[in-house]
Amino acid sequence: MSDEPKASEVKAEVVIDFLRNNPGFFNKHPEVLDELKITHVGDGAVSLVERQVAILRERNVELRRRLDTLTVVAEQNEALLEATQEVIASIAERGSCEDLATLFCDLVRKCFGIDLVAFHWCDAEISSEAISVASHLMGNKQASSGPLRAHEFKALFGEERDAGSAALARLNMRLGDGAVIAVGSTDASRYGIGDGTLFLEYLGNVIGSLPINRAPD
């Protein structure tokens, strides 16, 4: 038992010597400060307590920043969900007696505030180039997003642009017809690779499940 205090003293001396020889240790390893129990030492150099407080303040600022970001994302998602529901409700109400492609594009422009919207039936001769481009961009996925080259942009949206970007999704109709829906921008970075296509894909899945008769070409 008598050896225990001596062992503690030896360990303390080793720690003291180490810290004296490495005065910047806590600057390089601030995470250690979270686990220390220290009382304020008064005058002199900046105490470890003050250093701990500074670190906690920095972390609080970062947490507030992350919370603000999450709040903005949540508000954006809520707005997207409301717009998605409005488009679906309108199509469900009127889609059986109107051209679905035209109705879809008009509603998306209105509800989402997007200028470039496309709807291409897979078996329509007029849409063959657009379907080919869309199939190349999506591969075996149900939806994708990313930059577009000039010929891809023209095929999907019918406009001459040097470049742009788009988000696309497949639409498999309940009554058998397939289609591709897309939203685009002349900004090549607006819809980046890996950007979420959740709402567009959801929109396509729900519309595809509705008992809508395609209007004659």
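The values are calculated or read from the model by the stated rules, or taken from the named source; none is laboratory data. Given the structure is predicted, the values throughout are model-derived calculations rather than measurements. Heads up, the Cβs are rebuilt from the backbone with ideal geometry, glycines too, and the neighbour counts pull from every protein chain shown.
A few points about this structure:
- Tally of residues being of a type outside the set (A, V, I, L, M, F, W, C) and surrounded by 14 or more Cβ atoms within 10 Å (Cβ to Cβ) across the range 111-122: 1
- Listed by first and then second residue, the pairs with beta-carbon distance under 7 Å, at least 6 apart or on different chains, first residue in the range 54-82 and farther than 30 Å from V108 by Cβ, second aliphatic (A, V, I, L, M) and assigned to a helix (DSSP H, G or I), are I55/L33.
- Subset of the range 82-96 (residues that are at pLDDT 80 or above and not charged (D, E, K, R)): A83, T84, Q85, V87, I88, A89, S90, I91
- All helices (runs of 4 or more DSSP H) inside the range 117-217 with 1 or more residues being at pLDDT 85 or above, of a type in the set (D, E, K, R) and closer than 21 Å to L107 by Cα: 198-209
- Beta carbons closer than 7 Å, at least 6 apart along the sequence or on distinct chains, pair a first residue in the range 126-144 that is surrounded by 15 or more Cβ atoms within 10 Å (Cβ to Cβ) with a second that is part of a loop (DSSP other than H, G, I, E, B) for I131/C122; A143/T197; S144/T197.
- Cβ-Cβ under 7 Å pairs, at least 6 apart or on other chains, the range 176-195 side in contact (Cβ under 8 Å) with a residue 24 or more places away in the chain, far side β-branched (V, I, T) and assigned to a loop (DSSP other than H, G, I, E, B): V183/I114
- Where a residue in the range 151-174 is free of Cβ contacts under 8 Å to residues at least 12 places away in the same chain and its partner, wherever it lies, is surrounded by fewer than 22 Cβ atoms within 10 Å (Cβ to Cβ) and of a type in the set (D, E), with Cβ under 7 Å and at least six apart: K154/E160
- Selection count where residues are free of Cβ contacts under 8 Å to residues at least 24 places away in the same chain and surrounded by 10 or more Cβ atoms within 10 Å (Cβ to Cβ), scope the range 83-106: 9
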